[in-house]
Each structure stands twice: as C-alpha cells, then as structure tokens.
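The next block holds one structure in the form of structure tokens; read it before the comments.
The values are calculated or read from the model by the stated rules, or taken from the named source; none is laboratory data. As the structure is a computational prediction, the values presented were derived from the model and not from experiment. All Cβ positions, even for glycine, are placed from backbone atoms using ideal geometry, and neighbour counts span all protein chains on display.
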Amino acid sequence: MYIPRRYEQKDKDKIHAFIKEYSFAILITVLEGRPVGTHIPLQLETGDDGKDSLLGHISIGNEQKYTLSDGASVLAIFQGPHAYVSPRWYTQLNVPTWNYISVHVYGTVRLMEGQALREALSRLIDTYEQPLPHPVKMEEIPEKVLEDDFRGIVGFRIVIDEIQAAWKLSQNRDEQSYHQVIERLESGDEVSRAVADEMKKRKI
C-alpha cells in the first residue's frame, strides 16, 4: 500500500487495537493467476512464541481454500472509517480528497485442524459474544452441530510478516482547515463522525 510518510502509523498498540475493532477483513490470495478474496473475521493473537498471528476460517466450498496451503503468502485488508472531504472545508480552495484509516497485513499461512481449530473457534465466539447481554459459549452448542461445522470449514493461522498502516486524516492541512474538516464531518453520517473522532485524537 502506498503511504506518504505523514500518514504512516507505526504505533503497534494503535494498529493492534484497530485490527481488533475492525476485525471483519478481506483475505486476498491468488488462484491460478487471478486475485480472489473472502470477507471474514480474523482474530489477532500473540502465540507462545511471541509471534503475532491472525486466526480465521473459510467454507470448504470456497475455491480460495486451494490457495491456503502451509507456507502460502496472503494479504488481509482491514478497513476503518472513511469519508469524503470537500475543498470548501479548507481555508484556501484546494482539490477534494478522502480521509480514511486502513491496515494491510501480509503473512504466511499455517493450516489449523483438530483441537487447535476448535480452541480458536471457541475464542472467536467468546470475542463477539462477550459484549452481548446473554453470551453463548461454544460448550452450549450441540456437539453434532459443531462436528458438522468443523467438517465444513478450513481453519488457518496467518503468521504476520509485515504490517502497513495508513491514518490519512488531513495531517497535511493547516490547523484552521483541520478543525473545519472535523466540524463538517461531525455534521455528517455515523461513519463521517467516526472519522472526525479519529481526527480529534490527533494533534497537529
């Protein structure tokens, strides 16, 4: 991903927090020379070896499974809030642009099966159920249902090799323009307001 230096995010804690918040990613691989992608949740974890990984699974009916062999290289894209920025929001008229946060993760596939896959799925369920009023535990799901599900998926771990993170939030604008963009975005929809919130966390 092309990232001008002023927009590059290098803070590992912020990047990890972002991946966990916007965990529904696009997994991209190449099948017979053609890019293929699947929209799936990916769980960020740190292993006993200290290496960061993304854990996930896809349907066994998904042709992308043929690209997920041990050692294969993959790209996962995590997209955060984004919004159009009008030239009229600056102190001096300029070209329009788009503010956004995006993270690209490059990694190496390790297939998961058996107990390792079962435990990974249990943690995944816990992650999304925990905030709910009456969270479901994997142990509550009938074993027959779980067994059928396990037969229908391909589980994997993506050992992270490289992360590219862009926080493009009008850092190149003067202070007055910066705050005017925030004000305009705050009057927009929910996603625009999320971009404004991210901008307010920064100092220029």
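Number of residues in the stretch 1-49 that are in a loop (DSSP other than H, G, I, E, B), of a type in the set (Gly, Ala, Ser) and surrounded by 14 or more Cβ atoms within 10 Å (Cβ to Cβ): the value is 1. Entry remark, the stretch 85-98: residues being within 10 Å of VAL181 (Cα to Cα) and within 26 Å of the chain's Cα centre (by Cα) number 1 in total. Looking across the stretch 73-98, the residues that are within 20 Å of TYR7 (Cα to Cα), hydrophobic (A, V, I, L, M, F, W, C) and exposed (fewer than 13 other Cβ atoms within 10 Å of the Cβ) come down to VAL95, TRP98. The condition (being surrounded by fewer than 19 Cβ atoms within 10 Å (Cβ to Cβ) and touching a helix residue (DSSP H, G or I) at 6+ places or on another chain (Cβ under 7 Å)) is satisfied by just one residue among PRO142, PRO135: PRO135. Taken together, the residues in the stretch 137-183 that are in contact with a strand residue (DSSP E or B) (Cβ under 8 Å, 6 or more places away or on another chain) and farther than 17 Å from LEU117 by Cβ amount to 12. Residue pairs whose Cβ atoms lie under 9 Å apart, separated by 6 or more positions or on different chains, with the first residue in the stretch 5-34 and on the phi < 0 side of the Ramachandran plot and the second among the basic types (Lys, Arg) and surrounded by 11 or more Cβ atoms within 10 Å (Cβ to Cβ), are ARG6/LYS168; TYR7/LYS168. Go through (1) farther than 26 Å from LEU44 by Cβ; (2) surrounded by 15 or more Cβ atoms within 10 Å (Cβ to Cβ) and name the single condition ILE125 misses. Exception for ILE125: condition (1). Just one of (1) at pLDDT 95 or above; (2) over 21 Å from ASP11 (Cβ atoms); (3) surrounded by 12 or more Cβ atoms within 10 Å (Cβ to Cβ); (4) not aromatic (Phe, Trp, Tyr) fails for ASP161. It is (2). A single entry from GLN115, GLN130, GLN180, GLN171 fulfils the requirement of being out of contact with any Lys or Arg (no Cβ under 6 Å at 6 or more places or on another chain) and touching a residue at least 60 places away in the same chain (Cβ under 8 Å): GLN180. Of the helices (runs of 4 or more DSSP H) lying entirely inside the stretch 129-204, those containing at least 3 residues that are more than 24 Å from VAL105 (Cα to Cα) and among the acidic types (Asp, Glu) are 143-151, 175-186.
Using the structure shown, decide if PHE150 is modelled with pLDDT under 95 and either of a type outside the set (Asp, Glu) or loosely packed, with under 12 Cβ neighbours inside 10 Å (or both). So PHE150 fits the description; yes.
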